[in-house]
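First the structure, in the form of structure tokens, and then the observations on it.
The values are calculated or read from the model by the stated rules, or taken from the named source; none is laboratory data. Being a predicted model, the structure only gives us computed values, none of them experimental. Cβ atoms come from the backbone with ideal geometry, glycine included; neighbour counts cover every protein chain shown. Calculation scope for accessible area: heavy atoms of the full protein, side chains included, ligands and nucleic acids excluded. Shrake-Rupley method; radii C 1.70, N 1.55, O 1.52, S 1.80 Å.
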Amino acid sequence: MDKGILVISFIGMTIAILYFIYHLFISKKTAGLEQEIEEKMKARPIANVIRYLIFLSINSFLANRFFDIGWLLWISFFSAVALWILLVDHQFNFSYLISSIIILLIYLGAGVPNHQQSFLNHISDHTEYNCFSIECVKVSQVVIEDELKTEIETYSIQGYSFDWYFLFAKGALFLKDEQGNMEEFTGVNIGGLWLLEK
């Protein structure tokens, strides 16, 4: 990531965290919110729990967007689910079902990467291939005459595709070794999880 973008993202995230700390925990404007929560939940300690859950949900979501840290999205998702459980009247009706589906779709969509490098990074992290901009290197261990050795094969990238849809993404990578043999990787990303096929 470019250093300038990282600095701007860090400053933006710091401002967001400070704003939410002030608004949720210091500002007196939340007194009306606290009274509403107390009336609904009939217990004062729940109001503080709800504040922390709001803080975690919003800031974890923003940090995931700014810094592309996938596990923060799970913290945000579980915080939002906990808030939903605490604040929503759970009599089953149509609006209950719609709100459940909307929360799920928002977090599934937020988890799907929308940049091409994500698929190459996944291949590099979860296979014996390390991919760079124009080629991939396969590093494997082989036994030759009772001796363990490292074998390195170079593959040129023949084709690469990445298609992003809101709720899922597809990636494909075509490699060719020095003898002309082809390797193909395809994958689908659902909610931030790559399902890879070779």
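The slack between residue 130 and residue 14, meaning 0.36 nm per residue of separation minus the straight C-alpha distance, is 38.3 nm.
Other residues with beta-carbon under 11 Å from the beta-carbon of residue 174 carry, at +1 per Lys or Arg and -1 per Asp or Glu, a net charge of -1.
Return the whole-Å distance between the Cα centroid of region 60-121 and the Cα centroid of region 141-198. Answer, in whole Å: 29.
Residues whose amide H comes within less than 5 Å of that of residue 128, counting only those at least five positions distant or on another chain, are absent (H built at 1.01 Å from N in the peptide plane). In loop segments of region 50-147 as defined by DSSP, the GluC sites (Glu not before Pro) with at most 11 further C-beta atoms inside 10 Å of their C-beta are 145. For region 116-197, the set of chymotrypsin sites (Phe, Trp or Tyr not before Pro) satisfying both a DSSP loop assignment and a count of at most 14 other C-beta atoms within 10 Å is given as 132, 165, 166. The order of 13, 182 by accessible area, most exposed first and with a 1.4 Å probe, is 182, 13. Amide H contacts under 5 Å for residue 191: 112, restricted to partners 5 or more places along the chain or on a different chain, H placed in the peptide plane at 1.01 Å from N. Once the Cα-Cα distance is subtracted from the 0.36 nm per residue extended length, the residue 52 to residue 167 segment shows a gain of 38.6 nm.
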